[in-house]
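Accompanying notes for the structure given below.
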Amino acid sequence: MSIKLDRYRIIDLTMELHPGILKVNGEYIHGSELRRFELRQFIYKPDGTLMNWIEAESHVGTHVEMPAHYFEDGKSSSEMPLEAFIGEAVVLKLAHLKPKGGKGQPIKPVHLSKVREGDIVLMWSPYKGDEMPYISSEAARWLAGKRIKMLGVQNVGVEESYELMATHDSMLRNGIPIIENLTNLDKISEERVFYIGLPLKVFGLDSSWIRAIALEPKEG
Ligand SMILES: [Zn+2]
């Protein structure tokens with residue numbers, strides 16, 4: 001077997017985390033959206049090496065949410081099959097969904113024509129905050145019906161309404177993880193790439209930090 005890594009461009013889709021109180025989506029919007037991520041260094045007495053205590057929410061930086069995030073008895077990080085987090089991804093760049101009057105526009109099934117069954121669907125927009133397009137409830141149900149493998153977003157609102165929670169419901173109840181706070185999706189030039197973003201193998205964990213990457217074949 002021969003797998004030549006130099007035939008691929010590796011694109012890092014992961015936000016860099018710095019210890020402290022973090023902002024969601026790179027911006028301070030509401031106080032309740034601040035996320036805790038603290039590292040405290042200590043010296044490990046037996047051999048004098050340096051280690052860290054970590055105190056953090058499971059939803060910091062680039063993370064993947066699993067069914068355990070949404071309902072009791074939902075599968076947690078270590079219970080999901082690895083195949084769920086690896087595979088062919090379609091990259092949907094939604095710059096054409098321009099905000100109107102400062103408000104982001106809904107993503108509808110009509111915008112999802114490139115999606116195939118079994119795809120990891122990665123959505124990107126250049127807009128921030130209230131101007132981001134968002135996944136309509138209709139599109140969320142459509143994606144679940146299409147039996148996609150996973151949904152990932154950068155600058156795209158996951159929910160039309162946080163009372164309805166249609167996206168969490170359509171995805172997580174059907175065993176489809178959601179990746180939040182991806183970055184660098186705009187650096188991908190192909191429409192389809194190979195995606196890898198594995199969660200930590202922790203029993204009971206509802207969401208895990210990941211190192212998400214895309215592999216894109218180099219020209220020639
Ligand atoms: Zn989250």
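If the limit is 29 Å between Cα atoms, which of K114/K187; K4/K98; K108/K149; K93/K146 go over it?
Values: K114/K187 19 Å; K4/K98 40 Å; K108/K149 19 Å; K93/K146 19 Å.
Distance filter (> 29 Å) returns K4/K98.
Before rounding to the nearest 500, sum -39500 (n - 2.57) across all DSSP H runs of length at least 4 in the chain and divide by the residue total; then give [θ] at 222 nm in deg cm²/dmol.
Value at 222 nm, helices only, nearest 500: -2000 deg cm²/dmol.
For the chain, what does the relative contact order come out to in percent, with C-alpha contacts under 8 Å and a separation of six or more?
Computed value for the chain: 30 percent relative contact order.
Given region 109-220, what percent of its DSSP beta bridges are antiparallel, to the nearest 5?
25
Highest mean first, what order results for 170-181, 152-163 on Cβ atoms within 10 Å?
Descending mean neighbour count gives 170-181, 152-163.
Take the alpha carbon gyration tensor of region 120-164, find the square roots of its eigenvalues, order them as a ≥ b ≥ c, and report rounded if a/c is under 1.5; if not, report prolate when a/b exceeds b/c, else oblate.
oblate
Calculate the spin-label point distance for S189 paired with R9, positioning each point 7 Å from the Cα along the beta-carbon direction, and give it in nanometres.
With each label point 7 Å from Cα toward Cβ, the separation is 0.4 nm.
With the full set of protein chains in place, find how many percent of the accessible area of the chain is carbon and sulfur; take the probe as 1.4 Å.
52
Could you please put W53, W209, W124 in sequence from largest to smallest accessible area, using a 1.4 Å probe?
Reading off the accessible areas and sorting them downward yields W53, W209, W124.
Where a ≥ b ≥ c are the square roots of the eigenvalues of the C-alpha gyration tensor, would you call region 164-204 rounded, which needs a/c under 1.5, or, failing that, prolate if a/b is larger than b/c, or oblate?
Taking the square roots of the gyration eigenvalues as a ≥ b ≥ c, region 164-204 is oblate.
For the chain, give the share of DSSP beta bridges that are antiparallel, in percent and rounded to the nearest 5; count only bridges with both residues there.
Percentage antiparallel, nearest 5: 65.
What spacing in nm lies between the two simple spin-label points modelled at E38 and L215, each 7 Å away from Cα in the Cβ direction?
Result: 4.0 nm between the two label points.
The values are calculated or read from the model by the stated rules, or taken from the named source; none is laboratory data. Keep in mind it's a predicted model, so treat the numbers as computed, not measured. With ideal geometry, Cβ positions are generated from the backbone for all residues, glycine too; neighbour counts draw on all protein chains shown. When the accessible area is computed, the model is the full protein with side chains, heavy atoms only, and any ligands, DNA or RNA have been set aside. Shrake-Rupley method; radii C 1.70, N 1.55, O 1.52, S 1.80 Å.
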